[in-house]
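Each remark here refers to the structure printed beneath this line.
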There are 4 protein chains.
Amino acid sequence: MPAQIAINGYGTIGKRVADAVAAQDDMRVAGIAKTKPDFEAKLAVRKGYSVYAANRDAVAKFEKVGVRTAGVLEDLVKGVDLVVDCTPEESGYKPLYEKAGVKAIWQGGEEHALTNLSFNAAVNYADCIGASFVRVPSCNTTGLIRTLYPLDAHFGIDRVVAVMVRRATDPGDSKKGPINAIEPELEMPSHHGPDVQSVLPNLNIHTIAVKVPTTIMHLHTVTVDLKKPATGDAVLDVWKRFPRITFVAGGDGVKSTAQIMEIARDLSRNRADLYEIAVWKDGVHVVDRTRLYYFQAVHQESDVVPENVDAIRALLELERDGRKSMEKTDRSLGIGLAG
Amino acid sequence: MPAQIAINGYGTIGKRVADAVAAQDDMRVAGIAKTKPDFEAKLAVRKGYSVYAANRDAVAKFEKVGVRTAGVLEDLVKGVDLVVDCTPEESGYKPLYEKAGVKAIWQGGEEHALTNLSFNAAVNYADCIGASFVRVPSCNTTGLIRTLYPLDAHFGIDRVVAVMVRRATDPGDSKKGPINAIEPELEMPSHHGPDVQSVLPNLNIHTIAVKVPTTIMHLHTVTVDLKKPATGDAVLDVWKRFPRITFVAGGDGVKSTAQIMEIARDLSRNRADLYEIAVWKDGVHVVDRTRLYYFQAVHQESDVVPENVDAIRALLELERDGRKSMEKTDRSLGIGLAG
Amino acid sequence: MPAQIAINGYGTIGKRVADAVAAQDDMRVAGIAKTKPDFEAKLAVRKGYSVYAANRDAVAKFEKVGVRTAGVLEDLVKGVDLVVDCTPEESGYKPLYEKAGVKAIWQGGEEHALTNLSFNAAVNYADCIGASFVRVPSCNTTGLIRTLYPLDAHFGIDRVVAVMVRRATDPGDSKKGPINAIEPELEMPSHHGPDVQSVLPNLNIHTIAVKVPTTIMHLHTVTVDLKKPATGDAVLDVWKRFPRITFVAGGDGVKSTAQIMEIARDLSRNRADLYEIAVWKDGVHVVDRTRLYYFQAVHQESDVVPENVDAIRALLELERDGRKSMEKTDRSLGIGLAG
Amino acid sequence: MPAQIAINGYGTIGKRVADAVAAQDDMRVAGIAKTKPDFEAKLAVRKGYSVYAANRDAVAKFEKVGVRTAGVLEDLVKGVDLVVDCTPEESGYKPLYEKAGVKAIWQGGEEHALTNLSFNAAVNYADCIGASFVRVPSCNTTGLIRTLYPLDAHFGIDRVVAVMVRRATDPGDSKKGPINAIEPELEMPSHHGPDVQSVLPNLNIHTIAVKVPTTIMHLHTVTVDLKKPATGDAVLDVWKRFPRITFVAGGDGVKSTAQIMEIARDLSRNRADLYEIAVWKDGVHVVDRTRLYYFQAVHQESDVVPENVDAIRALLELERDGRKSMEKTDRSLGIGLAG
C-alpha cells in the first residue's frame, strides 16, 4: 500500500509537491490543507485532491464559496504517515504533528534548528533514513549545494563567494516589487551561506543577495577557489555525473533566464517547471588553474520539489538507496534534459 | 490516412501549432522548417519532429552544430497537403506554396489582402471550407472577435471602443522593451479594428493600443454600446454558450494577468498556455441598460492555436461542421476550464 | 508679510508642495511635519525646513537618529495661516485644524465629502476664495479635468470614456508591484469618474483603471463624444489657450512616457517633475466629426503641485483672480514648455 | 578667455557634459553636434546651445523640422580648443580632430588603445596634463576605480571580484529589454576588469556582469581581499577622505537604488543626477580581518560627467593641480552630499 502523505499549505511549493507525490507509485496524496478558498483551492478540488480547511474557522469560508472540504487539517494529519509542511515560515504546526505522531518535512523558510537535520538527496540521504523530522533547504540553498557538492568532492574547495541575483517574487504574485530598482540584502552573509553549511558543514562559503525586478528565476554568479587545479571541461565533466544539473548554452540562443524558462515550457514540463539547476556551459571559466567562475539559474518554484519526494522516501524508509530514489523521482518528473 | 501538415516557421506560434496538430487524429506533422539551429530547433528534434532547413544556405548552419535536417523547406512542402505558415510577416512564401500546389494558412502578421479570407472558427468556418488560402488573424483580433461576435449576434452592437493594453514582448524574449514606460500607438485606429472587420465586416469598432512592460498577456478594456438592453448576467449567459471563452473572478484572488497565467500552469496545460479568452466575471458592468464595459485577457502566444487546427480542417474538408471541429480541437487541447 | 504655511506629511506630494510654496513670494513654509526620521526627513533639514514630529511619540525616534525637531505638529499648526495636508488618506487631522482655527487643503486620497469643495484652478478658483477647507483631487482626476474642461467649454461633451493605464507605484518606492502583470480595477466606474464630477458636476464620464508595471507616469486614453463637430487641429487650438497642458510628438522621438520624463529632466525641472499634462499632438484623432480620441500622460508626483499653490492663494485671498494666480505659480515653477 | 569646447554627440552623456561645461567659469560650450533633429535637439536650441548637424546630409533633416543649425560638425571643430566626443563607440572621428589640430576626449565605449591614456581625476590627473587625446572609462569602470583606488592605496589589494548587476538601458529609452529576465554576460572577465587596469595597471581584478530589468542604476557587489587587516569603519574612514563617493544607509530607508535616485531628486540636482558613487554604510562588512565585501550603486548617466570636466582642464592645462580641479568641478555641480 502506498504511503499516505498530507500536504499542509498549498501555495507555490505545496501544490507542486502534491503533484509530484501523486506521480509516484509508492506514495499518494491523502489530502491537502489550505487556509483560503481561492482559485488555487478550486483547482485543487478540480484535480481530485481532498481539500481540508486549515482550521474550524476556515471551514465556513470554504463553504461560503462552495468549496467542499473533507474536514480540517487535524483530521487529515491523523490518518497519514507523513506531512509535508509547505506553510509560510514559523507557522508553528510542529506540536500538532508530534501530537498526532506523524513524521514531517519542512521547507527552507524554517530554521535548521527546527529539525536539526537538513536534507539534500545527493549529499545526505543516508543520514536521514528513518528520521522523524527533516527540513529541505530553500531553492537558492539547494541550488548552491547541487553544484558545489560535486566540486568539493572532486577538487576540494577553499572558499566560495556566491552572489545571488534574486527574482523579487513568483510569477503568480502581483503585489510585490520592486518594479524598477535593485535591492541589496545589506546583512552579510545572507542566510544562504549558513544554510548551505547546514548540509555541507565544512564548506567555507560567503553569500551575498541582491533582489531584482523579475519573477522567473534566480541567477547565481559563483566564485570558487578550488584546492586542486581544474579546467572548465573537467568541471563540466564532474557535474555531468550528478543528477539535477542541466546545461544550457548562450551559443544556442539561451541568453538569459527567459530562454531557460522557455525550454521548460517547450519540454512540456508540468507547470513549465525546471527542477534542475541550469548551468551555462559557455559561462564556466577557470582562471589561474584554481579560480572557477560560473553562472547558474535556479527555478525558485520547483527545484526543491524532487528533494521533497526523496525526503519522504528516506523518512518513511520506502527506499534505502538515495541514488535509486533520485532516479525514480526524476523519471517520474521527466528530469534529464540533455545538456 | 491523416492529412500531412507542414509547419513553416517554428517560433512562438509555429511550435504550438505543431504540438496542437500532433495532438489530432486526423492530421499529422510532416515536418517543421526553421532558419536557425538554435535551442528551439534542438528541442524540435528531441520531440521527434522532422526538421527542415528553410533553405540550402541554412543547411550548413544546422550541420555545423549537429542538428540533422531532413532536407529543405521546398522538399517538405512537396509532400504535404497543407502548410501552416508561421514565419515573420511578409516572408513571401506564397509563390512557393502555389508552385507546389499546396494549401496554406497564414498568421495575423500578414495582411488580409494576402488571402482575402480571414478565419475565425466560430464565425465563418463554413465560408472557408475547401479554400486554398486563409489567414488566421492576430491574437488580439481573435480575442476581440471571440467576445464581440456573441454580443453582436444576441444584442446587436452599435459601437465598440477597445483599448488594448498590450504585453511588450513574449516571455521567451529578452531583447525588447520597454522596461519602465508606457507606449501608446499613436496611429488610430490601430490595425486591430480593421482586422476585426476582416471577419466581422459590419461591426463599428475603433481600437486603441498601448504597450506596457509585461510579457505574459494582453488586457483589453472593451466599451460596447449595445442595440438591445442587457444586464451583466445576461451577457455572461450569452458568452457561456460560446467556446473558447473562460471566466475568472477577482473574488477568487485572480487580481491580474499573473494569476490567470498561474491558472494555466495549475491546469497542467502544455507550455502553460491558455487558449481561451479570459473574462473577469466581476468586471462585467452594464450602465444605462445598453452600455457594456468589460475586461478580458488574451494569451498572445496561444489563443490562435486552436483556430489554426480548425482552419486546417476547413481547408482540407476534414470536417464540414465547424462546431464539431471546434469540439474535437478543444477536447484534444484540454480546453473547457469551468468559470 | 507672506502667509505662513504648514505642510503636514512630507512624502511624494508634501515635499513637492513645500518646495513650490518656498518658491512663491507671497507665502512661506513655516514648517513640515513627519512621522518618521528617514532620509527624506534628513534632506528636509538639509534644505532648511523646520521639521516637526507628527506627535510626541515620534519625537524620540527623531532624536534617536539625530534629526532635530522644532516641536510637534500641534505646535506647528498653531502658528500658521493654513495647513496643506499631504498625509495618507483618512489620517483624520481635521479636528486638529478646526481646533487650531486654521484653514486646510487636502489631497485626492480624501473623499470629496470631507470638504464638500474640490478645487481646480482653471475651473473653480473663484468658488473657493475665502473657503476654510478644500480638497485638490488626485493626479489622474486633475489630469482629466485639465483637458476635458476646455473641450466641454468649447465643443460641449456628450460622453467621456477614459481608460487610465496607471503606473503601479512611484519611482522612489521599491516595495509594490506588479512586476510582470496587468491588473484591472474591477469596480466600475473607478473612483476617478465621480471625482471628476466633484469639480465638473454635469460631465457624463465613465472611467476605467488598469495598473501596469511602471513607476513613471500614468497614460490616459480618452474617448470623447463631442456635441459640436471638431477637427484635431481645432481641439489642439483650444487646449493651447489653457495653462498646464503641454504637447509632445511621436515624430520628435517621444514614443512613450520614458521620453516625456526625459524632457522634464532635460528642462532641469526641480526633481525632474512635469507639472503639465502632456498630450501627444500626433495622437489626437477625430473620427466622424464628433468622436475624439486622444492620449495624455500624467506625472503622478507633480501635476497637483501648482494646484495646491493656487488653492492656498484662493483660500487665503492672496489673489482674487485665478488666472493671475496660475500665471504667478507657473512662472515660479518654470511651467510653459512650448509644444 | 574661457576655453572653447565642442560636444560631439548629444545623447545621455553628451548633454550632461554640455551642461557641466556650461557651469564652469574657465570653459564654455562652443556648440554641440547631433545627427538627428529629435526632441533632444530642440531642447538644446531652447537651452541656448549652438546646434551643429553632424554632416551635410543631416542639415536638411534639421531644416525640414525647423531646427536651425549653426553649421556642420567640421565647422564647429575648427573653432574650438577641445572636442568631447560623446558619440556611439567606433564613430571614427579621430582623423577629423587630428586634421583640425584639436584635442579630444572620448568616452568608455571606445577602447583604451584609441588614446593609450585613460583618465580618472583622483588617480592620474597629473599624467594627463597637456595630453592631446584621452579616454574617460565607462560609468561602471569609473565607479570601481573610485572605491578601489583608496583601498589599494591604504590597505593594499590582493584580489578583487566585482559582480556588476547592471541596469539594462537608460530611463529615456523604451526600446531595449529585458522586461522579465536576468542576462549574464557569459564572456569573462567582462570588459570592465581590463578597463579598470587601464587606469590601475597593477590591480588584480576579475569582473562579472549581469543585466537586469531596471533603468536607473548599476549595483556592484564587490569582494576585496586586502593585504592589511581592516575594519568596516576603517574602510569608511578612508573613503570619506576621497571625493565623489557618497554614503547612504538602509537604516534611513534607502533600501534600493530607487531611494538613491530619489535622494538625487530631492537634492534638486540637475536632471536628478548623482555624480557620486553611493556606498551603503551598513552594507560594508569585513570578515576574517582582510576580506571586505561592499555594495555600491552607480548612476550610469552621470558619474563620468565631472571626470570629463577635469579631463578638459588637464588636457588644456587650465589647472595643474588635480585636487583643485576636482574641487572646482564638484562645487559647480553641487557634489558633496554628506553621508
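Just so it is clear, none of the values below were taken in a lab; they were calculated from the coordinates. Fair warning: this is a prediction, and the values are worked out from it, not measured in the lab. Using ideal geometry, Cβ is built from the backbone for each residue, glycine included, and neighbour counts are taken over all protein chains shown.
Once you sort the root eigenvalues of the Cα gyration tensor of the protein assembly as shown as a ≥ b ≥ c, which label holds: rounded (a/c under 1.5), prolate (a/b larger than b/c) or oblate (the other case)? Rounded shape, in that the Cα axes give a/c under 1.5. The mean number of Cβ atoms from other chains found within 10 Å of a Cβ in peptide A:214-226 is 5, as a whole number.
Applying the criteria of a DSSP loop state and at most 16 other Cβ atoms within 10 Å to the trypsin sites (Lys or Arg not before Pro) of the stretch C:9-104 yields C:68.
Amide H to amide H distances under 5 Å link residue D:182 with A:257, A:258, where only residues 5 or more positions off or on other chains count and H is placed in the peptide plane. Put simply, the amide H of residue C:159, placed in the peptide plane, has neighbours under 5 Å in C:225, leaving out anything fewer than 5 places away on its chain. Converting phi to 3J(HN,Hα) with the Karplus coefficients 6.51, -1.76 and 1.60 and the offset θ = phi - 60°, the stretch B:301-316 yields 7, 9, 5, 7, 4, x, 5, 4, 4, 5, 4, 4, 4, 5, 5, 8 Hz in sequence order, with x at every glycine or proline. Take each residue in B:157-169, count the other chain C-beta atoms within 10 Å of its C-beta, and the mean is 4.
Working value for the stretch B:129-276: equivalent-ellipsoid semi-axes of 25, 21, 17 Å, each the square root of 5 times a Cα gyration tensor eigenvalue, largest first.
Taking a sphere under 12 Å around the Cβ of residue A:74 and counting the other residues whose Cβ falls inside, with K and R at +1 and D and E at -1, yields a net charge of +2.
Once the convex hull of all Cα atoms in chain A is built, its volume per residue stands at 134 Å³. Taking R0 as 41 Å, what FRET efficiency do you get between residue A:78 and residue B:282 from their Cβ-Cβ distance, rounded to the nearest 0.05? Calculated value: 0.60.
Taken one residue at a time, the phi angles of the stretch B:54-63 give Karplus couplings (6.51, -1.76, 1.60, θ = phi - 60°) of 4, 7, 4, 4, 5, 3, 4, 4, 5, 4 Hz. Gly and Pro are set to x.
A simple rule links phi to the HN-Hα coupling: the Karplus curve 6.51 cos²θ - 1.76 cosθ + 1.60 with θ = phi - 60°, which for the stretch A:228-241 gives 9, x, 8, 10, x, 5, 5, 5, 4, 4, 4, 4, 5, 7 Hz, with x for Gly and Pro. Stokes-Einstein diffusion coefficient for the stretch A:59-165 at 20 °C in a medium of 1.002 mPa s, Rh from the Kirkwood formula over Cα pairs: what value in µm²/s? The estimated diffusion coefficient comes to 131 µm²/s. For residue B:94, the label point sits 7 Å beyond Cα toward Cβ; its separations from the matching points on the remaining copies run 5.2, 6.7, 7.2 nm, from shortest to longest. Shielding value for D:310-317 is 0, the average number of Cβ atoms from other chains within 10 Å of each residue's Cβ. Less than 5 angstrom separates the built amide H of residue D:138 from those of D:108, all sequence-distant by 5 or more or on a different chain. Of the GluC sites (Glu not before Pro) found in the stretch A:261-337, those in coil by DSSP whose Cβ has at most 14 other Cβ atoms within 10 Å are A:317.
Local charge for residue B:34 was computed over the other residues whose Cβ lies under 12 Å away, with Lys and Arg +1 and Asp and Glu -1, and equals +2. Each other residue within a Cβ distance under 10 Å of residue C:22 adds +1 if Lys or Arg and -1 if Asp or Glu, for a net charge of +1.
Among chain B residues, the beta-carbon with the smallest distance to the axis carrying B onto D is reported, with distance in whole Å, as B:177, 2. Sorted shortest first, the distances from the residue A:23 label point to those of the same residue in the other copies are 1.8, 5.8, 6.0 nm; each point sits 7 Å from Cα along Cα-to-Cβ. For residue C:232, the distances from its label point to the matching points in the remaining copies are 3.7, 5.3, 5.8 nm, ordered from shortest, with each point set 7 Å beyond Cα toward Cβ. The calculated FRET efficiency for residue C:290 paired with residue B:59, based on their beta-carbon distance and R0 = 56 Å, is about 0.40.
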